[in-house]
Structure formats: C-alpha cells, structure tokens
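Values quoted throughout were computed directly from the atomic coordinates according to the rules given, and no laboratory measurement underlies them. All values reported here derive from a predicted model rather than from experimental measurement. Every residue, glycine as well, gets a Cβ built from its backbone with ideal geometry; the counts of neighbours run over all protein chains shown.
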Amino acid sequence: MFEFDQYLGFIAFLTIVTIGFWLMMFLLLFVVPYWLTGNLREMWKEKREAKRAKREA
C-alpha cells in the first residue's frame, strides 16, 4: 500500500493543511474583527476630539 516515505509525506501534507486551516480560522474569526473594532473606535475618538476642539475654538 504505502511505503514509509510516502506515509511521512502524507502526514506532513495533512499537518501543513491542518495548520493552514486553523491559522485562517484564527485570522478570520479573531484577528480581523479585533483589528476592525479597534480601528473603528480610534476613528470615532478622533471625530469626537475634532468636534470638541471645534466647539471650544
């Protein structure tokens, strides 16, 4: 059926694919929403600061 080196290659392939899959899930489900939320908060803070500065001036 499989020789030992083919078996190791198959296991290495499955490992790389699995690591890639979970890395993509981590990026799409945690890192990207975290980055977007932080970016939106900073934009809102800057707009509020600009409005306050405009009112005070």
Between helix 32-56 and the chain, what is the angle of the helix's C-alpha long axis to the longest principal axis, kept within 0 to 90° and rounded to the nearest 10? 10 degrees
Within segment 26-40, whose backbone N sits under 17 Å from a point 7 Å along Cα→Cβ of A50? 39-40
Among F10, M43, L23, whose Cα sits farthest toward the positive end of the charge dipole of the chain (+1 at Cβ of Lys/Arg, -1 at Cβ of Asp/Glu, about the Cα centre)? M43
Average projection area in nm² (convex hull over Cα atoms of the chain, one quarter of hull surface): 4.7 nm²
Would you look at the GNM of the chain, springs on alpha carbons closer than 10 Å, and say which of F13, F30, F21 moves the most? F13
Using only the alpha-carbon atoms, how far is helix 4-26 inclined from the longest principal axis of the chain? Give it as 0 to 90 degrees, nearest 10. 10 degrees
